[in-house]
1. Only one residue in G111, G60 is on the phi > 0 side of the Ramachandran plot and in contact with a Gly (Cβ under 8 Å, 6 or more places away or on another chain). Which one?
2. When only residues in segment 4-37 that are of a type in the set (S, T, N, Q) and part of a helix (DSSP H, G or I) count, which is nearest to the chain's Cα centre (by Cα)?
3. For segment 9-38, enumerate the residues that are at pLDDT 95 or above and more than 20 Å from T129 (Cα to Cα).
4. Go through segment 73-141 and tell me which strands (runs of 3 or more DSSP E), entirely inside it, have 3 or more residues that are under 15 Å from the mean Cα position of the chain (by Cα), touching a residue at least 60 places away in the same chain (Cβ under 8 Å) and more than 16 Å from S34 (Cα to Cα).
5. Please determine, by comparing only the residues of segment 144-166 that are under 12 Å from the mean Cα position of the chain (by Cα) and touching a residue at least 40 places away in the same chain (Cβ under 8 Å), which one is nearest to A19 (Cα to Cα).
6. Among the residues that make up segment 53-65, is at least one of them under 30 Å from R144 (Cβ atoms), acidic (D, E) and free of Cβ contacts under 8 Å to residues at least 60 places away in the same chain?
7. Determine whether R70 is crowded, with 16+ Cβ neighbours inside 10 Å and charged (D, E, K, R).
8. Take E65 and decide whether it is within 14 Å of the chain's Cα centre (by Cα), surrounded by 12 or more Cβ atoms within 10 Å (Cβ to Cβ) and assigned to a strand (DSSP E or B).
Amino acid sequence: MKIILSISALLVGLSLLVALIGTLLPRAHVATRSALYARKPAELFAAISDLSALPSWRSGLKSVEELPPRNGQVCFRESTRHGAITYIVQEDVPPKKKVTKIDDEHLPFGGSWTYEITAEQNGSLLRITENGEIKNVLFRFLARFVFGYEETMNTYLRDLGKRFGETTTPLP
């Protein structure tokens, strides 16, 4: 019985420590990752903009549903094993820039991704900047110390490379 109480006290103490650290972490963060592709900017822009084709190359993405426009802006919902997230396209400047923002205030996180594509000598550079917000203190701790802010962007950049038959290494 003493062992069970000790383990329970340890778990409660650990949870409180994680919550305290999460509370001390900033709610907002900015993270940027980029990758080079042997493609023209227009090809990259077309790939990231083709909503119906996204599930064919993005790992973990089950489906994308285009929603009715809101104030003239494109809206869509992505579904993964973790659930669905609704996005709105805030800026769309082919083939250079696209900004998508999470359009759901009830999630424990939010923010936007800015995709910037620049021509390089042998292709293009895609830079993704996440301006994120994590409301839940436990999730804030996990994102900072376990998952990392960049991992979703790294996966996206590698998946985009695979879509073009390229092996892509995300750059800091």
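The values are calculated or read from the model by the stated rules, or taken from the named source; none is laboratory data. Only a predicted model underlies this, so the values are computations on that prediction, with no experimental measurement involved. Using ideal geometry, Cβ is built from the backbone for each residue, glycine included, and neighbour counts are taken over all protein chains shown.
1. G111
2. T23
3. Within segment 9-38, just A38 meets the criteria.
4. The strands (runs of 3 or more DSSP E) meeting that bar are 123-134.
5. Y149
6. The answer is no; no qualifying residue exists.
7. No, not satisfied.
8. In short, no.
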